[in-house]
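For reference, the structure is listed below as structure tokens.
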Amino acid sequence: MKLITSTDQLASACAHFATQSFVTVDTEFMRETTYYPKLCLIQIAAPDGATALVDPLAAGIDLAPFFALMGDERVLKVFHSARQDLEIIWLLGGLLPQPFFDTQVAAMVCGYGDSVSYEQLVNDVAKAKIDKSSRFTDWSRRPLSDAQLAYALSDVTHLVKVYEVLARQLLATDRGLWLDEEMAVLTSPDTYRAEPEQAWRRLAGRMRKAREVAVLMEVAAWREREAQSRNVPRGRILKDEAVLDVATSAPRSIEALGRLRAIPTGFERSKTGTDILAAVERGLARDPATVPMPDRARARSGGNGAVVELLKVLLKAVCEEEGVAPKIIATVDDLETLADDDHADIPVLHGWRRQLFGEKALALKSGRLALSAKRGKVVVRMLDGE
């Protein structure tokens, strides 16, 4: 297991991979101390048995041949739980793999459960075991051990078999189109653009006051820009708890900022403290009428808890019957929204999700569908002959 450490070696390997119908790809990276991930290793395998371990930290290596392979539309690129791998390719190469296949998403469609792990999928599908002893090692340190390289290579060699089995199952069940929406999200550049102006959405939760959200928008955006410019984790700038504390309290003086429990002692008198107070002022200056409220903070009609629980039971029953993971059909938020609004613009009321579950959910809400139990299973029954 030799590492590819030169551009010529990489170009030769990628030229061979370009002759294949598909390749499996994985990356190892570190980001504990940085905002942006640090790419440490690239693994590639092909159905003809060819493999490659690429060292992106090697002096002078140019990853252009790898990025060219990722953009080659004649070769399908297969990943498992690809989001972070695709983020790295987008950040470093300025492109996203096309065409693309995520075995974790496919496994949910094929009934292997929500967010099934690679190890479990390899065990279930490829009937193989993976040595996980090198899983949490430091991939940035050189030299890499044989154990590390063997572990890294197993992430793509077993994936060949996993993909082939899942592809056959999708073809047999005619569910290939179900993947399109999920794959489209993963291969959209918008998914990987960390816009500071959108950073507040991750923290908004159930905030109900426009004033709090307005301050949160400014403080979160400031923190995101600082983290990006310094290439450090957000928490190194200001922890989430402190951001939320500032948003709800809206301190307007050094003294008020210093009184917040989540703010470290003396922090308020630093340049960072001054920046935070300036962000608070920008938030308070916003017109509350123009502040976008998070979906879960919008007033619901109330009293629909029992309906949500019934929808959860129906979802589980439908998924067990169809052999598909609930997560790919509807989230809890979707069910809560559906409990309030029959015409909500949510995925479960569109396309194949509506056909599979959405129509039944609407029928349940209108009293045209009943749930009962028989021999330990939930029975779904239409009441009006539909």
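The values are calculated or read from the model by the stated rules, or taken from the named source; none is laboratory data. Computed from a prediction, not measured in an experiment: that's the story for all the values here. Here the Cβ positions follow ideal geometry from the backbone for every residue, glycine too, while neighbour counts run over all protein chains shown. Note: accessible area is taken over every heavy atom of the protein model, side chains too, but ligands, DNA and RNA are not part of it. Shrake-Rupley method; radii C 1.70, N 1.55, O 1.52, S 1.80 Å.
About its Cα centre, the stretch 34-132 has a charge dipole of approximately 100 debye under the convention of +1 per Lys or Arg Cβ and -1 per Asp or Glu Cβ, with nothing else charged.
Measure off 7 Å from each Cα along the Cα-to-Cβ vector at His350 and Ala262, then give the distance between these two points in nanometres to one decimal. Placing both labels 7 Å along Cα→Cβ, they lie 3.3 nm apart.
The heavy atoms of Ser140 present about 40 square angstrom of accessible area, all protein chains included, probe 1.4 Å.
Mean Kyte-Doolittle hydropathy of 0.0 or higher plus an axial Cα length of 18 Å or more: which whole DSSP H helices in the chain meet both? Qualifying helices: 146-173, 271-284, 305-322.
Here Thr137 and Ala11 are evaluated by their C-beta separation; at R0 = 25 Å the FRET efficiency comes out at 0.30.
Basic side chains Lys and Arg get +1 at the Cβ, acidic Asp and Glu get -1 at the Cβ, and with that the dipole of the chain about its Cα centre reaches some 1140 debye.
On the beta carbon distance between Glu181 and Arg252, with R0 = 51 Å, the FRET formula returns roughly 0.70.
Annotation for Thr290 and Arg211: the two label points, set 7 Å from Cα along the Cα-Cβ direction, are 1.9 nm apart.
Under the criterion of Cα pairs below 8 Å and six or more residues apart, the relative contact order for the stretch 115-211 equals 23 percent.
When only Cα pairs below 8 angstrom with a gap of at least 6 residues are kept, the stretch 187-281 shows a relative contact order of 26 percent. Computed from label points 7 Å out along Cα-Cβ, the spacing between Ala306 and Ala150 is 6.0 nm. DSSP bridge analysis restricted to the chain gives an antiparallel fraction near 70%, rounded to the nearest 5. Sorting the segments 338-348, 159-169 by their mean number of nearby beta carbons within 10 angstrom, highest to lowest, gives 159-169, 338-348. Taking a point 7 Å from the Cα of Arg74 along the Cα-to-Cβ direction, the residues of the stretch 90-110 with backbone N closer than 14 Å to it are 99. Straightening the chain between Asp340 and Arg282 buys 17.4 nm, computed as 0.36 nm per residue apart minus the Cα-Cα spacing. This model, with +1 at the C-beta of Lys and Arg and -1 at the C-beta of Asp and Glu, gives the stretch 304-382 a dipole about its Cα centre of some 560 debye. Each Cα pair under 8 Å and six or more residues apart adds its sequence gap; the mean of these over the residue count of the chain is a relative contact order of 14 percent.
Within the accessible area of the chain, the carbon and sulfur atoms contribute 51%, probe 1.4 Å, all protein chains present. Ordering of 226-233, 314-321, 128-135 by packing is 314-321, 226-233, 128-135, highest average first (other Cβ atoms within 10 Å, averaged per residue).
Compare the Cα positions of Gly358, Ile328, Leu371 along the charge dipole of the chain (+1 at Cβ of Lys, Arg; -1 at Cβ of Asp, Glu; about the Cα centre) and return the one farthest towards the positive end. So the residue furthest toward the plus end is Leu371.
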